[in-house]
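Notes to accompany the following structure.
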Amino acid sequence: MDNPVEIRHATTVAELEAAQHLYDGPARPEWAARFLAADGHLMVIAYVAGVPAGFVSGIEMLHPDKGAEMCLYELAVAAPYRRRGIGSALTRALAAAAEARGCYDMWVGVDLDNEAAQATYRSAGAVDDGRFAMLTWGFGAAE
């Protein structure tokens with residue numbers, strides 16, 4: 001890669017908005033601010049030549065008898081930057097942040113047919129913990 005990758009934790013709404021081309025939809029400033037204000041919500045962004053090339057978001061969850069664990073919520077790398085280790089580097093950065101925060105583990109749900117995601121997570125140290133079903137409740141469209 002001609003330009004080195006810089007990986008850093010997002011701390012401002014402007015950083016989250018600058019990475020919105022990597023999201024499923026446009027960032028909303030009020031949601032970005034709420035995300036940053038929520039304890040345990042993390043976003044790590046990879047930059048190439050100063051431009052966001054990928055991100056990973058995580059949410060720390062607490063339970064009275066388990067303590068804290070990190071859920072890797074979403075990972076995305078822009079198409080021109082894929083297969084260069086950016087996804088694995090982002091995943092490792094989130095894992096390091098989770099460990100530093102005292103989390104006992106980190107987990108991610110992955111579609112069984114998403115071989116690229118599985119390979120990325122495995123290359124960053126994840127192991128398969130078995131099959132599970134994800135059930136959801138829909139409460140209407142996001143505003």
Candidates Ser123, Ser88, Ser57, ranked by Gaussian network fluctuation over the chain, Cα under 10 Å, top entry: Ser123
When the chain is fully extended, how far beyond the present Cα-Cα distance does Trp137 get from Arg34, taking 0.36 nm per residue of separation? 34.9 nm
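Report the extension gain between Gln118 and His41 in nm, rounded to one decimal, defined as 0.36 nm multiplied by the number of residues separating them, less their alpha carbon distance.
Details: separation 77, 0.36 × 77 = 27.72 nm, distance 2.29 nm.
Residue separation times 0.36 nm, minus the Cα-Cα distance, leaves 25.4 nm.
Take every Cα pair under 8 Å in the chain that's 6+ residues apart, average their separations, divide by the length, and report that relative contact order as a whole percent. Working shown, then result.
Working: 196 pairs, mean separation 26.5, N = 143.
Dividing the mean separation by the residue count of the chain yields 19 percent.
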Between the residues Val108, Phe35, Pro80, the Cα farthest towards the positive end of the dipole of the chain, that dipole coming from +1 and -1 charges on the beta-carbon of Lys, Arg, Asp and Glu, is from Pro80
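For the chain, what is the mean residue ellipticity at 222 nm derived from helices alone (per DSSP H run of n ≥ 4: -39500 (n - 2.57); sum divided by total residues; nearest 500 deg cm²/dmol)? Walk me through the intermediate numbers first.
Details: 4 runs with 39 residues, N = 143.
It comes out at -8000 deg cm²/dmol, rounded to the nearest 500.
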Residue-normalised accessible area of the chain, given per residue in Å² at a 1.4 Å probe: 66 Å²
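Taking square-rooted eigenvalues a ≥ b ≥ c of the alpha carbon gyration tensor, is the range 13-126 rounded, prolate or oblate, where a/c under 1.5 means rounded and, failing that, a/b exceeding b/c means prolate?
Working: a/c = 1.82, a/b = 1.12, b/c = 1.62.
The shape class here is oblate.
Nearest 20 debye, what's the magnitude of the dipole of the chain about its Cα centre given +1 on Lys and Arg Cβ and -1 on Asp and Glu Cβ?
Values: 11 positive and 19 negative charges, 65 e Å.
The calculation lands at about 320 debye.
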Could you put Asp105, Asp24 in order of accessible surface area, largest first, with the 1.4 Å probe and the full protein assembly present? Asp24, Asp105
Pairwise FRET efficiency - Asp24 versus Val51, Cβ, R0 = 22 Å, nearest 0.05: 0.70
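State the extension gain, in nm to one decimal, for the chain segment bounded by Trp107 and Leu62, taking 0.36 nm per residue of separation less the distance between their alpha-carbons. Before the final figure, lay out each step's value.
On the way: separation 45, 0.36 × 45 = 16.20 nm, distance 1.35 nm.
Gain on stretching Trp107 to Leu62: 14.9 nm.
The values are calculated or read from the model by the stated rules, or taken from the named source; none is laboratory data. All values derive from a computational prediction rather than experimental measurement. Ideal geometry is used to build each Cβ from the backbone, glycine not excepted, and the neighbour counts take in all protein chains shown. Only protein heavy atoms, including side chains, enter the accessible area calculation; ligands, DNA and RNA are left aside. Shrake-Rupley method; radii C 1.70, N 1.55, O 1.52, S 1.80 Å.
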